[in-house]
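The structure appears below as structure tokens.
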Amino acid sequence: QVQLAESGGGLVQPGGSLRLSCAASGRSFGIYSMGWFRQAPGKDREFVAAISWTDDSTLVEHGRFTISKDIAKNTMYLQLDNLEPEDTALYSCAARLWGPVTSRPGEYNFWGQGTQVTVSS
């Protein structure tokens, strides 16, 4: 089992920035890649970004966001810049134990509870 814990969400004004973190514990040595997804009220879950744990490959859906990792800390980060009200959502991280980066949520084995990001003036 892999446990994932997100942090870093909050209320920010339009144009502001946040840095989300996702810390992995448990069987984290088996992780091949991790990803971020978000879901706004009344909308489907949406892929945000993914990063490989075994090479330098990344997949980012939004140009204003940057994904990174610190393998020594078993932690993945998502830098959110120039935030817009449309970015308001619950941001969740996920991990998969086999395979490269992917935007398909069904390919991930473990999920965190999420951290809320609210962009409002």
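Comparing Thr75, Thr54, Thr66, which has the greatest mean-square fluctuation in the GNM of the chain with Cα pairs linked when under 10 Å apart?
In this elastic network of the chain, the residue with the biggest mean-square fluctuation among Thr75, Thr54, Thr66 is Thr54.
Around Tyr32, what is the net charge, scoring Lys/Arg as +1 and Asp/Glu as -1 over all other residues with Cβ under 15 Å from its Cβ?
+1
7 Å from Cα along Cα→Cβ at both Asp44 and Ser7: what's the point-to-point distance in nm?
3.4 nm
Counting only protein heavy atoms and a 1.4 Å probe, tell me what percentage of the chain's accessible area is made up of carbon and sulfur.
Solvent-exposed carbon and sulfur of the chain make up 47 percent of the total.
Once you place label points 7 Å from the Cα toward the Cβ at Asp70 and Gln113, how far apart are they in nm?
A separation of 2.2 nm, rounded to one decimal place.
Give me the accessible area per residue for region 1-109, probe 1.4 Å, as a whole number in Å².
With the other protein chains kept in place, region 1-109 gives 51 Å² per residue.
Out of residues 5 or more away from Val48 or on other chains, whose amide H comes under 5 Å of its own, with H placed 1.01 Å from N in the peptide plane?
Amide H to amide H, under 5 Å and 5 or more residues apart or across chains, Val48 pairs with Trp36, Phe37, Arg38.
Would any residue of region 46-62 have its amide N under 20 Å from a label point 7 Å out along Cα→Cβ of Phe29? List them or say none.
Within reach of a label on Phe29, which here means backbone N under 20 Å from a point 7 Å along Cα→Cβ, region 46-62 contributes 53-55.
Taking the Cα atoms of region 1-111 alone, what are Rg (to one decimal) and Dmax (as a whole number) in Å?
13.2, 38
Take every DSSP beta bridge with both residues inside the chain and express the antiparallel ones as a percent of the total, to the nearest 5.
Values: 39 of 42 bridges.
DSSP beta bridges in the chain are roughly 95 percent antiparallel.
For Phe110, which sequence-distant residues (separation of 5 or more, or a different chain) have an amide H within less than 5 Å of its own amide H, given hydrogens modelled in the peptide plane?
Ala95
The values are calculated or read from the model by the stated rules, or taken from the named source; none is laboratory data. Values in this document were obtained by computation on a predicted structure and should not be read as measured data. Every residue, glycine as well, gets a Cβ built from its backbone with ideal geometry; the counts of neighbours run over all protein chains shown. The accessibility values were calculated without ligands, DNA or RNA, using every heavy atom of the protein model including side chains. Shrake-Rupley method; radii C 1.70, N 1.55, O 1.52, S 1.80 Å.
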